[in-house]
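Structure, as structure tokens:
What follows draws every value from the coordinates through simple rules; no lab data is involved. Every value quoted in this text rests on a predicted model; they were computed, and no experiment measured them. All Cβ positions, glycine included, derive from the backbone under ideal geometry; neighbour counts span all protein chains shown.
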Amino acid sequence: MLSRPSGAQQSDLLASASLEGATRADLQRVIARAESLSALPGTSVSERNQLNSSAARAKSRLEIGDFDVGDRIAIYVQDQPTLCDTFAIRTGRHLLLPNMEELDLTGVLRTELQDHLRSRISQYLREPVVRATPLVRLSVLGSVVHPGYYVLAADLPVAELIMRAGGPNPDGDLAKVQLRRAGAVLSSSTEAGPAIAGGATIDQLSLRSGDEVFVGERRRVGAISMIQVVSGLAGVAVALFAMQNSRHR
């Protein structure tokens, strides 16, 4: 018998629906679980909305897939130099490989990509050895040495991504890293910081092409604030000196 959903259950379902490494079976389980919990008596409106959001996200991925126009895929086919390259997904979520018909990636998940490609290439080559790595295009901005765009594999730790951008500059603070999407905060520094420090990957943090990793600045004491601090300390010293003198009188 299902019990009323806890906050942890809702968060886990939402994370599972967004996790890039999820399989088709995983997403189908998320939908079934979310819909069952949403139908329980006593589920609040906010809880039901979050559960419905998880189910909708999973359904969208099953229908549309994990790939969009402009995404890039690194492909290796043994003994086939023309097929060993990075290829961009074109209009209509189509992938065009040399001397082959376009391959439609609509509805294809990241976890299905390699088998999907192998099946298509097998129509042209006998028993091909195929490796496919989906790449993610992210921007690293803020207080880093080399801000800009980076294209990399989804299983790369976010901490390593920041290091590829030269690491934090002298003003940078790795405890103040935010993950952003379309200008909105996807994950605050209090949420992202511990996960990044623990080695979380781009995939595990549910980042996708176009997202931003923003490194914040350390808190700095300005000149006026420093004068105020020094003046305050001087005032304390004068008060202590006066107190000592009054005791000796």
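Assorted remarks:
- Burial ranking of peptide ranges 23-32, 209-218 (average Cβ count within 10 Å, highest at the top): 209-218, 23-32
- Label-to-label distance, THR23 versus HIS146, with points set 7 angstrom from Cα along the beta-carbon direction: 3.8 nm.
- Label reach from ASN99 (point 7 Å along Cα→C-beta): in region 123-144, amide nitrogens under 19 Å belong to 123-131.
- Within region 72-128, all pairs of alpha-carbon atoms sorted by distance into 10 Å bins from zero give the percentages 22, 63, 15.
- Cβ-placed point charges (K, R +1; D, E -1), dipole of region 72-128 about Cα centre in debye, nearest 20: 160 debye
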